[in-house]
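The values are calculated or read from the model by the stated rules, or taken from the named source; none is laboratory data. Since this is a predicted model, take the numbers as computed values, not measurements. Heads up, the Cβs are rebuilt from the backbone with ideal geometry, glycines too, and the neighbour counts pull from every protein chain shown. Protein only, heavy atoms only, side chains kept; ligands, DNA and RNA dropped before computing areas. Shrake-Rupley method; radii C 1.70, N 1.55, O 1.52, S 1.80 Å.
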Amino acid sequence: MIATNPDLLVPDLGRLSLKNPNGFASLPLRVVLAILDQLSYQDLLRFKLTCRYLSRVIGGFPSLQYKIELAAAGMTDVPQNDLSPVKKLAALRKYQRKWSQLNWDSFDHYYTNVYGADTWDFSYGLLSYDVEEDHDEISCILPGSVVRGVPEERWTLYFAQKFAEYFVEPSQDLVLPVFNDEDDIESHVMLYSLYSGGQHSKAKHDRIILPGPTGSVDELRVHENKLGCLTQWEISDWTGCIFTLWDWQTGEAILSYDSVIHAEAYPEANDIIRRDFTNFTFLDATHVALSACLTNRDQVLFQGLIQIIDLTKGPDAFSSSVNLYLPEIADNACIAMLGLTRNTTTPGMSERKHYPAFRTADDQAVVSVMLELKHQTCENHQMVPFFFNTGKLLAIYEAATQDTNGSSPVNLSWDEWGPDSARVLCGLPHFDHKMTVYGSRFVWCDDGFLTVADFNTLGALSNEFFPDGKVSDVTGAVVLEETTFKHKLLKKPVVTRMPYRYVCSGMKVPKDTSVVCLGEDTILIQDADKTVHALLTM
C-alpha cells in the first residue's frame, strides 16, 4: 500500500483528469501524487516537461509547487510550522514579491531606542541590547513577520552580576554572557536560556572557562551542540590567536588550536612567520571556515585566505585543511582588516512559541569576506568585499580533498577557485559587514537608496524554473556576466562571475546612513550619528 500525504489533496480533482500517452492516467491520482511527493524539485521540473498531464498535476497541487518555488527562492521548509501547503505557498510568493520589489509601503514601520546602550547586537534576526550602565540586563526584540506568520516577541533577561559582553544564538535558545573574574585574570562564559533565563536545561555545566586573558574574546559562535571561540591575545612581544571548540552541552573540549604552537609544529614557508585568524563561521555541522592573515618577516600582513577545516578529523583538522587564497596584494600594500561572516538560523532546539513557515537554506547562505587594504606608508584604506555561496565553498572543499589522504593541507590560488565562486561588488562604502549580510542577501545604501543583492544561485535563474510566468512579478536585474575589479593595492585585476540578482528600491535614505542591519525579513537602518533608526519588518 502506498501512503499518501493528505496535504497533497485538494477538493477539485476532476480538472486534472486529462488523457495522456505516458500511462500515468491509468494510475489512481492518489498514487500519482504519492510518487511525485517523493521527488526532488529538480525531478518535478523535469516531469513537468514530459507531458501536459503531469504539468497540470504538479502545477495544480500546492505541496508540489511549494517544493519547487521554495528551492527557487533558496529557502527550506520549517516543519515546526503547521500552516497548510496552500498557506505556505501563498506566503512564500508574497515574501518573494516583497523582497524583489522592495515595496516598503506595505511594511510596518516603527522605531526603537537602543543606541543609548553600550552593548547591542542584531544577529540571527534578533535585536538585543543592554540599556543600563551596570551591564546586568539584556532586552530582546524578535521582530514579527506577517508574511511568514511570526508575531513579535519582547522580553528582558536579568543577571546577578555585571557582564563584559554577550553573544546570542536563538536557534539553540542560548545567551552567552562573558564575565571576568575579580582579579581580571581570566574570563568565563555562562550558558543561559535566551528565552527564560537561568542555566540552560541542556547544559550539564553552567559555565565554560575561556582561553586567553580577559578582554581577548573576539567571537563566539554556536552550531547545534558545538560552541566555537576565537581569542586574540597579545602579551609583551607575543601575539597570536586561539581557536577552541567545545560541546557546550557537556562542557568537553573538542578541538583547540594555538597559532604560535601550530607554527612551531607545522612551519610555514620561509618568508612567513605567523598565521592569525580574524573571524570564523560554521558552514555546516562538520565544517568551519576561518579568515586568516599571513605575516611575513617584515611584520607585514601580506596575504589573506579562507581556511576550511573538517571537524571530524579531530586534532588533524588544521594540518589537513583546505586553504583558499584571496587575490594577491600589491608589494606596497598590506592588510588592515580581514573579516568573515555568515548569518543564517536553523530552528534547532529553540523554545520559541512561533516558527516561520520557511527560512534560507543553509547551502544558499552567503559568506561575506571583507578585505580592507592600506598603503604601507600612509593611512589610505580601501575595502574589497567578496561574497561566496556556502554550498559552493563546501563543494570546493570536497573536490580538493577527494584525491588526498588528508595528511597535509591543500592550497588553492585565487585563479584556481575564486573567479567562478565569488562576486566582488565595487564602490561600496565602509560598513560593518557582520550587520548587513543575512541568509542569501546583502543590503546597503547606494547613492541614497536602499539596495539589495541576492546571491541565491537558484533564484538568479528563476526565469528558467518558471517559464510560464508564475514569478513574472519578481523583479531585479539578474547579473550573470563577469565583472572585473581593478585596484592599485592589488597585483592584478580580480575577475568574478557568480550570478546574483540586483534590486534598487525607491526608498530614499540619508546618504550618510552608516549601517543597514538585516534579518530574514527585517532591516534596521541607522544614521551617521547612531541616534535615529528605523526597524522595518514584513
**Message:** Out of everything in the range 144-191 that is among the basic types (Lys, Arg) and open to solvent by 40 Å² or more (accessible area, probe 1.4 Å), what residue ends up being nearest to Arg207 (Cα to Cα)?
**Reply:** Lys162
**Asked** Of Leu70, Leu83, which residue is assigned to a helix (DSSP H, G or I) and at pLDDT 85 or above?
**Response** Leu70
**Request:** Among what's in the range 382-424 and is farther than 24 Å from Gly439 by Cα and among the charged types (D, E, K, R), pick the residue that is least open to solvent (accessible area, probe 1.4 Å).
**Result:** Asp415
**Asked** Among the residues of the range 230-249, which ones are assigned to a loop (DSSP other than H, G, I, E, B), open to solvent by 40 Å² or more (accessible area, probe 1.4 Å) and not charged (D, E, K, R)?
**Response** Ser236, Gln249
**Complete:** Counting only residues in the range 500-518 that are at pLDDT 75 or above and open to solvent by less than 30 Å² (accessible area, probe 1.4 Å), the one nearest to Val424 (Cα to Cα) is identified as Tyr500
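Looking at Asp136, is it farther than 22 Å from Gln526 by Cα, surrounded by fewer than 16 Cβ atoms within 10 Å (Cβ to Cβ) and at pLDDT 80 or above?
Taking the combined requirement at face value, the residue satisfies it.
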**Request:** Look through the range 197-229, keep the residues that are closer than 20 Å to Asn180 by Cβ, of a type in the set (Gly, Ala, Ser) and surrounded by fewer than 21 Cβ atoms within 10 Å (Cβ to Cβ), and return whichever of them is nearest to the chain's Cα centre (by Cα).
**Result:** Ser216
**Asked** Is it true that Ile261 is touching a helix residue (DSSP H, G or I) at 6+ places or on another chain (Cβ under 8 Å) and either under 22 Å from Leu191 (Cβ atoms) or open to solvent by 40 Å² or more (accessible area, probe 1.4 Å) (or both)?
**Response** no
